[in-house]
Amino acid sequence: MMRNLLVLLLGVVILILENSIFNYMNIFKVSINFLLIYMVFVSLSLDKKQGAFTGLILGIIKDISVGKFLGLNAFILFVVGYVLGILKDKVFKENIFTVLVLVIFSTIFDNSLQFLLSSYFLAGKPLYLFVYRGIFLIPLLNLIFSLLLYRPLKRFIKIIESV
């Protein structure tokens, strides 16, 4: 119980920072998805139900605060939390390479769903822009920031695992 509360609390703090301070940190006109990076890291230490629940709650909060489509971030983070909760015992999560690959795939999944819904319901951006930003640039930036956040998030995970 306390563990889940700590995971949610840090997720909310990251979301607040992402929507305020880090929102102005655009690199090549894109933003880093710190909450998605966080979900990848913590989902590998939670079971599938805890990961899914954490993703759902944090996603709903993100949708309410900044989402274009209510429920989209909740769905994406729910799926990431659930799938990585299943994979936690099947992958070598102590290897940084594994975590970075999962960040890349999660980012591409996130960007693909965002693009598909935006294209369907709004005036969509051109496909080449999605490929450049959603498949190349944003995953690369999330990868770089995952490298920077790897040690602090691993320390946090060790703390919550001991609670």
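Choose one answer from Leu58, Leu46, Leu127: the residue with the largest mean-square fluctuation in a GNM of the chain with alpha-carbon springs under 10 Å.
Checking each option, the largest mean-square fluctuation is seen for Leu127.
How far apart, in nm, are two points set 7 Å out from the Cα along the Cα-to-Cβ line at Phe92 and at Leu6?
2.7 nm
Among Lys125, Lys158, what is the fewest-to-most ranking by other Cβ atoms within 10 Å?
Working: Lys125 13, Lys158 10.
So the ranking, lowest neighbour count to highest, is Lys158, Lys125.
How would you rank Asp47, Asp63, Asp110, going from fewest to most other Cβ atoms within 10 Å of each one's own Cβ?
Asp47, Asp63, Asp110
GNM, the chain, Cα, under 10 Å: largest mean-square fluctuation among Phe115, Phe97, Phe145?
Comparing Phe115, Phe97, Phe145 in a Gaussian network model of the chain, the most mobile one is Phe97.
Under the Karplus relation 6.51 cos²θ - 1.76 cosθ + 1.60, θ = phi - 60°, what is the ordered set of whole-Hz ³J(HN,Hα) values for the range 104-121, x standing for Gly and Pro?
4, 5, 5, 5, 5, 4, 4, 5, 5, 5, 4, 5, 4, 5, 5, 5, 6, 9
If Rh is defined by the Kirkwood formula over all Cα pairs and Rg also comes from Cα, what ratio Rg/Rh do you get for the chain? Intermediate values should be presented prior to the final figure.
Working: Rg = 15.0 Å, Rh = 15.8 Å.
Rounded to two decimals, Rg/Rh equals 0.95.
Normalised by the residues of the range 1-90, what does the relative contact order come to in percent, with Cα pairs under 8 Å and at least six apart?
Details: 121 pairs, mean separation 26.7, N = 90.
Contact order relative to length: 30 percent.
For the chain, modelled as a GNM with alpha-carbon contacts under 10 angstrom, which of Leu148, Leu100, Leu113 fluctuates the most?
Top of the fluctuation ranking is Leu148.
Here are some pairs, Lys48/Lys158; Lys29/Lys93; Lys48/Lys90; which of them have Cα atoms lying more than 23 Å apart in this structure? Write down the numbers at each step before the final one.
On the way: Lys48/Lys158 18 Å; Lys29/Lys93 31 Å; Lys48/Lys90 12 Å.
Pairs exceeding the cut-off: Lys29/Lys93.
Quick note: the coordinates plus some simple rules give every number you see, no bench work behind them. Note that this is a predicted model, so its numbers are computed, not measured. Here the Cβ is made from the backbone with ideal geometry for all residues, glycine too, and neighbour counts use every protein chain on show.
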